[in-house]
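Working notes, structure below.
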Amino acid sequence: MPRLSYRRALTRALADELTRDEAVFLLGEDVQVGASMVTTGLAKRFGTERLRDTPLSEQAFTSFATGAALAGLRPVIEFQIPSLLFLVFEQIVNHAHKFPLMTGGQCAVPVTYLVPGSGSRTGWAGQHSDQPYSLFAHVGVVTVVPATPADAYGLLVTAIRHDDPVVVFAPAGAMDLREDVEDLTPVPLGRGRIHRFGDDVTVVAVGHLVHDALAVAEELADQVSVEVFDPRTLYPFDIDGLTESVARTGRLVVLDDANRSCGMAAEIIASVVERVRLLAPPRRVTRPDGAVLPFAPALDRAVQPSRDQLATAIHLTMKDGS
């Protein structure tokens, strides 16, 4: 079985879709030279007409992509920094997302917004380390956060083929992960994945934190049987799949690398408790309220959810429900 890294899985997905559909093209800052190491080699293979370097104006090239999509193309925009999405929230949410709805489906806006390296990267500090996926899920834009190389490939391919705007967050904490891959296929939107089955508590982990959840589950295996659920798509969310899991375990802990207040963890918990009677109060492990990641590495790590915090939350949930 060939080994594939998360980063190369994204490159493979882009290359396969550029080959499959001539309407697909890439644009962004320094995509031709592969500054993010995701588009490396694609300009040489497909030409600069289909990999467009853009000026340093996110609002301009995001609006350009909306127009290109309305004209029948399938643009993929690479954003080097997740905070740049704040600049283009207007273009994505108020324009690209709403045009098909406000025209009664008379148009489609198939734009993919790819963020390779969302979240914390060593020493990138406050304006480069956000995880703003809950904002897009809130307004109803399709939002995906793959955790593994195979899912990174499959979800990006699905996003590019989708007829509505899709934001793909590729967490920095997952970019260098590698796994043995036998087959690469599209992954459907709105369908979660259970990475580890368990009987005592369901842990929902978002993005790269799936691997932390699996490590903690293994560490606690002789004490607690932990099920690890990866939503993969935050909007639409696989609430039926998660409900089935929690109905079996009776307990819920959510691990989310985003700010606590109004975050995905709160939404996930609320959605579950509306459907399932739990054996113990649910818990969430997140960044603090209003967190802005510091420059100093030790402080950066201190603000992020940790394996120790997750283990403590699991133990407390088991104690509360005993």
Averaged per residue, what accessible surface does the chain expose to a 1.4 Å probe, in Å²?
43 Å²
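Counting alpha carbon pairs within less than 8 Å and at least 6 residues apart, what relative contact order, in whole percent, applies to the chain? Provide the component values of the computation, followed by the final result.
On the way: 714 pairs, mean separation 50.8, N = 322.
Relative contact order here is 16 percent.
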Taking amide H positions as placed in the peptide plane 1.01 Å from N, state which residues far from Ser118 in sequence (5 or more) or on other chains have amide H under 5 Å from it.
Ala170, Ala172
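When only Cα pairs under 8 Å and 6 or more residues apart are kept, what is the percent relative contact order across region 239-322? Intermediate results must be reported in sequence, preceding the final value.
Details: 111 pairs, mean separation 29.4, N = 84.
Computed value for region 239-322: 35 percent relative contact order.
Return the carbon/sulfur percentage of the accessible area of the chain, one whole number, probe 1.4 Å, all protein chains in place. Before the final figure, lay out the partial values.
Values: 7040 of 13700 Å².
Taking all protein chains in place, the chain shows 51 percent carbon and sulfur surface.
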Evaluate the charge dipole of the chain about its Cα centre and quote only its size in Debye, nearest 20, assuming +1 on the Cβ of each Lys and Arg and -1 on the Cβ of each Asp and Glu.
120 debye
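How big is the Kirkwood radius of region 192-276, worked out from every pair of different alpha carbons and given in Å to one decimal?
Values: mean 1/r = 0.0791 Å⁻¹.
After inverting the pairwise mean of 1/r, the radius is 12.6 Å.
Divide by every residue of the chain the summed helix terms, -39500 (n - 2.57) for each DSSP H run of at least 4, and state the resulting mean residue ellipticity at 222 nm, rounded to the nearest 500 deg cm²/dmol.
The helix-only estimate for the chain comes to -10000 deg cm²/dmol at 222 nm.
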Compute the distance in nm between two label points, each set 7 Å from the Cα along the Cα-to-Cβ direction, one at Arg50 and one at Asp240.
3.7 nm
I need to check one value: relative contact order of region 128-264, counting alpha carbon pairs closer than 8 Å and at least 6 residues apart, in percent.
30 percent
Share, in percent, of DSSP beta bridges within the chain that are antiparallel, nearest 5
20 percent
Considering only C-alpha atoms, what is the centroid distance from region 251-270 to region 1-49, in Å?
33 Å
Which far-off residues, 5 or more places away or on another chain, put their amide H under 5 Å from the one on Leu26, with H placed in the peptide plane?
Leu51, Arg52, Val76
Just need log10 I(q)/I(0) for the chain at q = 0.08, 0.09, 0.13 Å⁻¹, Debye formula, equal scatterers on the alpha-carbon atoms, no solvent, rounded to two decimals.
-0.36, -0.45, -0.93
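The values are calculated or read from the model by the stated rules, or taken from the named source; none is laboratory data. Everything quoted here is computed from the prediction, not taken from an experiment. A quick note on method: Cβ atoms are made from the backbone with ideal geometry, for glycine too, and the neighbour counts reach across all protein chains shown. Calculation scope for accessible area: heavy atoms of the full protein, side chains included, ligands and nucleic acids excluded. Shrake-Rupley method; radii C 1.70, N 1.55, O 1.52, S 1.80 Å.
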